[in-house]
Amino acid sequence: MTAAEQADVSEDAVLGGRLILRQPRKGHRVGHDAILLAAACSAQPRERLIELGAGVGAAGLAVARRVDDLSVTLVELDPALVALARDNAEHNGAAERARAVCLDVAAPADAFAAAGLPPGAADHVLMNPPFNAAHNPSPDRSRRLAYVAAHDTMVQWIEAAARLLRPAGVVTLIWRADGLGAVLDALAGNFGAVTVLPVHPKPVAPAIRVIVRAVKSSRTALILLPGLILADADGRPTAEAEAVLRDGALLPLASD
């Protein structure tokens, strides 16, 4: 990495310092969503996890930090972020079991197979798809890739997850709360045992995110969990949120 490139990268601690991430100073930055996503993942030792749209690898590496012997593949479209994800795997002691590949989630199955990701390759798929409409896109390319969704984004990403997962494999995702209907529609063909956790910014405020877990080929009914509240009425983080975001506690979705 050149000196100019290094100047455009910061090194930041998450999970109370348990994970150190190098990431661009401008554009898409790691936030609560990635850590909440990791805390909802039920991966176990010796399983295989694929994170789609991994960015610098925050969610996948957070799970790897928690779960020994977990094999992680970080799939990301932006080559610069792929390079940072590889650096982050190395600097966090996960290089032997976490790799990053440059690949579009919408790429055909043979492109995934060529990257060592054939159908049925994963026990778990994590994803935080782009979630905004494209009517007012950011001029920053990395932010556009991270946040701006095409009309069929959710369907494409769920189809990719269904292909990559083994039977009874688990997909876990985070999305806009007002887009939950689109998530459930996309899951309906291949997934069941859907569990939904709303995420609220403050008490009595509408949810801003939903974290969704679903099992491939299951026909078990949907479960709606009590919501996670991030801050109290005065804006102070709740004990429940701090336990997840700083102390590495798991969310209820992580229980099989």
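The values are calculated or read from the model by the stated rules, or taken from the named source; none is laboratory data. As the structure is a computational prediction, the values presented were derived from the model and not from experiment. Because the Cβ atoms are built from the backbone with ideal geometry, glycine has one as well, and the counts that use them run over all protein chains shown.
Structure summary
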quantity	calculated
Boolean, R213 is touching a Ser or Thr at 6+ places or on another chain (Cβ under 9 Å), within 30 Å of A107 (Cα to Cα) and at pLDDT below 95	no
Filter pass, W175 being at pLDDT 95 or above, closer than 17 Å to E51 by Cα, assigned to a helix (DSSP H, G or I) and within 18 Å of the chain's Cα centre (by Cα)	no
Selection within the stretch 98-128 - more than 18 Å from the chain's Cα centre (by Cα) and under 28 Å from V9 (Cα atoms)	A115
Boolean, I158 is without any contact (Cβ under 8 Å) to a residue 40 or more places away in the chain and under 18 Å from C41 (Cβ atoms)	yes
Residue selected from the stretch 7-66 under the condition more than 13 Å from the chain's Cα centre (by Cα) and among the acidic types (D, E), by the criterion modelled with the lowest pLDDT	D8
T195 vs. criteria polar (S, T, N, Q) and part of a strand (DSSP E or B)	yes
Any chance G31 is free of Cβ contacts under 8 Å to residues at least 24 places away in the same chain, closer than 27 Å to L228 by Cα and of a type in the set (G, A, S)	yes
Residue in the stretch 210-242 that is farthest from T172 (Cα to Cα), counting only those that are more than 19 Å from the chain's Cα centre (by Cα) and among the basic types (K, R)	R236
Check on V67, among the β-branched types (V, I, T) and farther than 20 Å from L117 by Cβ	no
Filter pass, A95 being more than 18 Å from the chain's Cα centre (by Cα), closer than 25 Å to V9 by Cβ and not polar (S, T, N, Q)	yes
Subset of the stretch 64-121 [more than 21 Å from E47 (Cβ to Cβ) and touching a residue at least 60 places away in the same chain (Cβ under 8 Å)]	L77, D78, A80, L81, A83, L84, D87, H91
Qualifying positions in the stretch 210-241 - touching a Pro at 6+ places or on another chain (Cβ under 7 Å) and in a strand (DSSP E or B)	V210, K216, I229, A231
Residue list for the stretch 198-221, restricted to those being surrounded by 18 or more Cβ atoms within 10 Å (Cβ to Cβ) and closer than 18 Å to A161 by Cβ	V210, I211, V212, R213, A214, V215, K216
G31 vs. criteria within 26 Å of E242 (Cα to Cα) and crowded, with 19+ Cβ neighbours inside 10 Å	no
